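J.: There's a structure below that I have some questions on.
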Amino acid sequence: MANLGDGSSGFSTLTFGAPHLDIFGVEHGWVPDPDFLRAMAYRKPITDLPYSPRAPWVVGYYLLHCIFPGEGHDREMMRRYVPLLRELSAAGWEPVTGARADSPQVRLERYGSGSRVYLVAHNKAEQPVRTRIALDAATLRLPSASAFLLPDGKAVPFDGRTLTLRLEAKQTVVVRLARTGANRERSQSTPMPELAVWTAHSTETILTTQESGAGTAVVLAAARGEQESAQIVLRSTVDLEGVRAAVSPLVGPRGARLEGECLSLRRVGYLDGRPDVLAPLRPLALQAGKAQPLWLTVTVPRQARPGRYQGEITVSVPGHGTAARVPVSLTVWRFTLPERPSLPAVFGIADPMFVQRYGLKEGTPEWQQALHAWYQLLIRYRLSPYFCRFQQPEPNHYSYPAPWPIGDPRTDALLADPRLAAFAIPYPLGGDREQLRRTLEHLRAKRLLDRGYFYLWDEPGLTEQYAKIHAWAKEIQTIAPEARILTTYYCGPQDGPRKGELDAVPELLRGATQIFCMSAWATAGKEDYGARLRETLRPGEEWWLYVCCGPGEPHPNLFLSMSGVQHRAVMWRVWKEGATGFLYWAVNAYASNARPDDPITFIEGLPAGDGVLVYPGEAFGETGPLASIRLERWRDGMEDLEYLRALEHRFGRDEAQALLHRVYQGPPAYTSDPQAIEDWRRAMAERLDG
């Protein structure tokens with residue numbers, strides 16, 4: 001966003017400046033004439049800058065004129081009212097209400113028209129009031145509508161022309177009028193079931209026992225080339241079959257549209273009582289009293305027109321038509337994320353699963369097709385997939401980049417994909433030196449070798465294992481001196497004169513390893529370790545991080561039991577500690593793979609979810625790989641990292657570090673507030689967009 005002008009002044013002096021202000025500020029003990037202020041601001045935002053926190057009823061009253069409460073108010077109050085205010089602001093104030101209350105104690109204001117109409121009603125009296133509100137359908141452009149209270153979604157008595165409300169003393173309520181359509185039929189004999197619909201941030205964990213939420217709209221902001229997600233939660237008081245949800249195209253500046261593959265609405269499935277599986281959206285069977293989240297992901301094309309986009313999600317119930325409409329607002333920033341991630345993040349796909357679970361024979365077209373489907377899912381998440389297995393004889397880790405051999409045109413196409421930041425080079429099974437030479441020479445001829453790496457041994461700990469890595473590295477680098485070897489480690493040597501010294505590993509592997517990939521667990525939360533190690537690196541050497549088995553609470557990781565912020569903060573930590581790459585050992589390490597629909601179980605001894613970020617659809621009545629919520633949150637963290645790296649490049653690391661400090665101070669210290677995350681992202685985006 002470009003520079004914004006904010007005016008905070010006496011009301012008599014705002015008039016001349018009104019056309020030049022973007023935001024109107026109220027720095028006053030009280031707003032003496034909110035009608036005048038709203039008229040001057042028209043549809044521009046108004047924010048309150050109170051000398052002390054307002055009373056709850058006053059903040060509620062500000063809904064009438066869409067005045068945002070300032071800092072210092074109770075956080076729960078902000079969570080309840082700010083989403084409503086954003087929704088009203090997005091709809092836009094209308095000077096003509098098109099509605100009249102029969103009680104002189106009730107004030108009305110209208111926001112929006114057509115398919116998005118909101119009436120705000122305020123009771124000025126010191127006692128409860130029951131009022132009937134007559135609507136002018138022509139002014140409102142609503143030939144047929146239903147009415148709901150926000151944010152709770154409760155139906156309001158409405159006969160098509162008149163609303164009936166009961167307002168407590170000084171109470172303010174927001175009524176959403178949702179168009180049902182002139183030709184849509186409703187069952188007159190069966191009342192609309194009580195269906196609560198609310199929205200939630202992508203980091204929130206929605207358990208089936210959750211009864212309600214405060215969100216009333218989806219409000220997203222993203223760079224071009226970025227993906228952003230939110231949740232829409234449904235909860236019925238009765239069992240319902242065949243409930244449907246759909247997202248409309250998002251319409252933006254000069255008619256620009258985001259639709260089709262840019263919009264994904266998926267059903268959230270549960271594992272061990274935790275929401276994680278993202279399955280295709282089909283008609284829903286809602287169980288009475290149980291929350292059912294839906295997961296919306298918006299993919300912003302790299303060529304998208306910057307600006308504000310709007311659409312809605314509709315929820316319909318058989319026999320009752322549209323039960324709810326949820327506004328969707330997206331701000332597309334002017335800057336664009338790099339197509340190829342600026343930091344390589346490599347994720348393993350364990351290939352034994354395809355043989356064990358699906359009975360596919362290695363190397364067959366069916367096996368290759370299955371591996372390719374999983375690869376294509378993962379490459380969309382700003383990560384670089386590789387296939388792998390633990391093996392005997394040595395080396396103990398075999399990894400390769402594609403379902404086809406090096407030199408196959410299909411492999412060349414995968415490796416040339418601009419989204420791929422790094423790839424695993426296979427060390428030939430059996431140590432075939434001629435095959436190794438052909439592999440390296442082909443990659444060099446294709447100018448791909450600089451993004452490749454050998455992953456020969458996973459977590460060596462003995463000096464004899466270090467010696468073997470040296471021998472393989474010498475063999476590789478005799479053919480291609482520029483080839484890189486990646487070695488993972490989580491502790492110091494387990495024998496020898498430097499037993500137990502974590503700092504000894506890079507020294508013992510120097511020359512045989514160029515990518516020192518260390519477990520985040522090994523630092524025990526000491527952030528200075530990375531800085532100390534980086535000082536010892538030589539040209540051509542890198543320090544990466546990985547998570548596996550640990551670290552545990554309260555540090556960031558991808559365990560199923562952890563919070564959404566912990567999942568996302570994995571990559572905040574990577575950036576803050578200065579790692580230049582990230583590795584995750586496997587996305588499909590299930591304990592049992594006896595048949596395609598085998599239930600998902602986790603490996604005994606590992607934390608639930610460790611090594612599992614993608615699910616076989618057959619275990620959930622679907623086909624093909626299914627992403628997880630944790631993978632979505634990791635990707636969000638990776639996109640946050642791109643913001644931080646862009647800030648660091650343009651304005652210096654100190655400024656980027658100061659911004660990150662708003663939400664993340666270190667491995668055990670980070671925010672749990674979704675709004676704080678959104679405010680932080682907006683601050684970064686506005687700096688990059690300026």
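Throughout, read-outs are computed from the coordinates displayed, never taken from laboratory work. Predicted, not measured: the structure shown is a model, and the values here were computed from it. All Cβ positions, glycine included, derive from the backbone under ideal geometry; neighbour counts span all protein chains shown.
J.: Net charge around ARG484, counting only other residues with Cβ within less than 12 Å of its Cβ (Lys, Arg = +1; Asp, Glu = -1)? Don't skip to the answer; put the middle values down first.
T.: Working: positive: ARG451; negative: ASP450, GLU482, GLU541, GLU542.
For residues surrounding ARG484, the net value is -3.
J.: Show me the GluC sites (Glu not before Pro) within the range 230-326 that DSSP assigns to loop and that have at most 14 other Cβ atoms within 10 Å of their Cβ. The partial results should precede the final answer.
T.: On the way: sites: GLU241, GLU259, GLU261, GLU312; in loops: GLU259.
Here the sparse-neighbourhood loop sites are GLU259.
J.: Net charge near ALA619, counting Lys/Arg +1 and Asp/Glu -1 over other residues with Cβ under 14 Å of its Cβ?
T.: Numbers: positive: ARG357, ARG595; negative: ASP272, ASP276, ASP597, ASP598, GLU618, GLU622.
Value of the local net charge: -4.
J.: Could you let me know the centre-to-centre spacing of the range 270-323 and the range 542-580, using Cα atoms, in angstrom?
T.: When both Cα centres are located, 28 Å separates them.
J.: What's the lysine pair count for the chain at a Cα cut-off below 24 Å, pairs eight or more apart or interchain?
T.: Values: LYS124/LYS154; LYS124/LYS170; LYS154/LYS170; LYS154/LYS290; LYS446/LYS474; LYS468/LYS499; LYS499/LYS526; LYS526/LYS576.
Lysine pairs satisfying the spacing and distance rule in the chain number 8.
J.: Continuing with the same structure: Show me the helices of the chain, taken as full DSSP H stretches, that run 20 Å or more along their long axis by Cα and average -0.5 or above in Kyte-Doolittle hydropathy. All intermediate terms of the calculation are to be shown ahead of the outcome.
T.: On the way: long enough: 75-91 (24 Å, -0.34); 365-379 (21 Å, -0.16); 463-479 (25 Å, -0.57); 629-651 (33 Å, -1.00); 674-689 (22 Å, -1.12).
Helices meeting the span and hydropathy rule in the chain are 75-91, 365-379.
J.: Classify the range 345-628: rounded, prolate or oblate, from the alpha-carbon gyration tensor (a ≥ b ≥ c, eigenvalue square roots; a/c under 1.5 rounded; otherwise prolate if a/b is larger than b/c)? Intermediate values should be presented prior to the final figure.
T.: Details: a/c = 1.61, a/b = 1.11, b/c = 1.45.
It comes out oblate by the Cα gyration axes.
J.: Just want the answer: with Cβ charges of +1 for Lys and Arg and -1 for Asp and Glu, which residue in MET40, GLN657, HIS555 is farthest toward the dipole's positive end in the chain?
T.: MET40
J.: Going 7 Å from the Cα of GLN310 toward and past its Cβ, which residues in the range 241-260 have a backbone nitrogen under 13 Å from where you end up?
T.: In the range 241-260, the label zone of GLN310 (backbone N under 13 Å from the point 7 Å along Cα→Cβ) covers 250-255.
J.: State the answer as a single residue: which of PRO249, PRO599, PRO426 lies farthest towards the positive end of the charge dipole of the chain, with beta carbon charges of +1 for Lys and Arg and -1 for Asp and Glu, about the Cα centre.
T.: PRO249
J.: In percent, what relative contact order does the chain have, based on Cα pairs under 8 Å that are 6 or more apart in sequence? Each step should come with its number before you reach the end.
T.: Details: 1465 pairs, mean separation 62.0, N = 690.
In percent, rounded to a whole number, it is 9.
J.: According to the square roots a ≥ b ≥ c of the eigenvalues of the Cα gyration tensor, what is the shape class of the range 267-344, taking rounded for a/c under 1.5, prolate for a/b larger than b/c otherwise, and oblate for the remainder? Please list the in-between numbers first.
T.: Working: a/c = 3.45, a/b = 1.53, b/c = 2.26.
Note, shape of the range 267-344 comes out oblate.
J.: As a check on your grasp of the helix formula, calculate [θ] at 222 nm for the chain: sum -39500 (n - 2.57) over DSSP H runs of n ≥ 4, divide by the residue count, round to the nearest 500.
T.: On the way: 16 runs with 172 residues, N = 690.
When only DSSP H runs of four or more count, the value is -7500 deg cm²/dmol.
J.: At 0.36 nm per residue, minus the direct Cα-Cα distance, what do GLN675 and ALA471 gain on full extension? Give it in nm, one decimal, please. Display every interim value, and only then the final one.
T.: Values: separation 204, 0.36 × 204 = 73.44 nm, distance 5.26 nm.
Separation in residues times 0.36 nm, less the Cα-Cα distance, equals 68.2 nm.
J.: What length, rounded to one decimal in nm, is gained on full extension from THR478 through to ARG132, with 0.36 nm per residue of separation minus their alpha-carbon distance?
T.: Numbers: separation 346, 0.36 × 346 = 124.56 nm, distance 8.71 nm.
Value of the extension gain: 115.9 nm.
J.: Also, quick follow-up: Using alpha carbon centroids, what distance separates the range 660-684 and the range 93-121, in Å?
T.: The distance from the Cα centre of the range 660-684 to that of the range 93-121 comes to 37 Å.
J.: Do any GluC sites (Glu not before Pro) in the range 601-690 lie in a DSSP loop with no more than 15 other beta carbon atoms within 10 Å, and if so, which?
T.: Numbers: sites: GLU604, GLU618, GLU622, GLU632, GLU639, GLU642, GLU648, GLU655, GLU678, GLU686; in loops: GLU604, GLU622.
In loop regions of the range 601-690 (DSSP not H, G, I, E or B), the sparsely surrounded GluC sites (Glu not before Pro) are GLU604.
J.: With +1 assigned to the C-beta of every Lys and Arg and -1 to the C-beta of every Asp and Glu, and no other charges, what is the dipole magnitude of the chain about the Cα centre in debye, to the nearest 20? Numbers along the way, then the final one.
T.: On the way: 78 positive and 78 negative charges, 390 e Å.
For this selection, approximately 1880 debye.
J.: Work out, step by step, the length gained on full extension between LEU537 and THR364: first 0.36 nm times the residue separation, then minus their alpha carbon distance; give nm to one decimal.
T.: Numbers: separation 173, 0.36 × 173 = 62.28 nm, distance 4.32 nm.
Contour length minus the Cα-Cα distance gives 58.0 nm.
J.: Still on this model: Over the Cα atoms of the chain, what is the Rg over Rh ratio if Rh follows Kirkwood? Intermediate values should be presented prior to the final figure.
T.: Values: Rg = 28.5 Å, Rh = 27.8 Å.
So for the chain, dividing Rg by the Kirkwood Rh gives 1.03.
J.: Determine the shape class of the range 603-644: with a ≥ b ≥ c the square roots of the Cα gyration tensor eigenvalues, call it rounded for a/c under 1.5, and otherwise prolate if a/b is greater than b/c, oblate otherwise.
T.: oblate
J.: What is the spin-label model distance, in nm, from ASP417 to GLU648 if the labels are put 7 Å beyond Cα along the C-beta direction?
T.: For ASP417 paired with GLU648, the spin-label model returns 2.5 nm.
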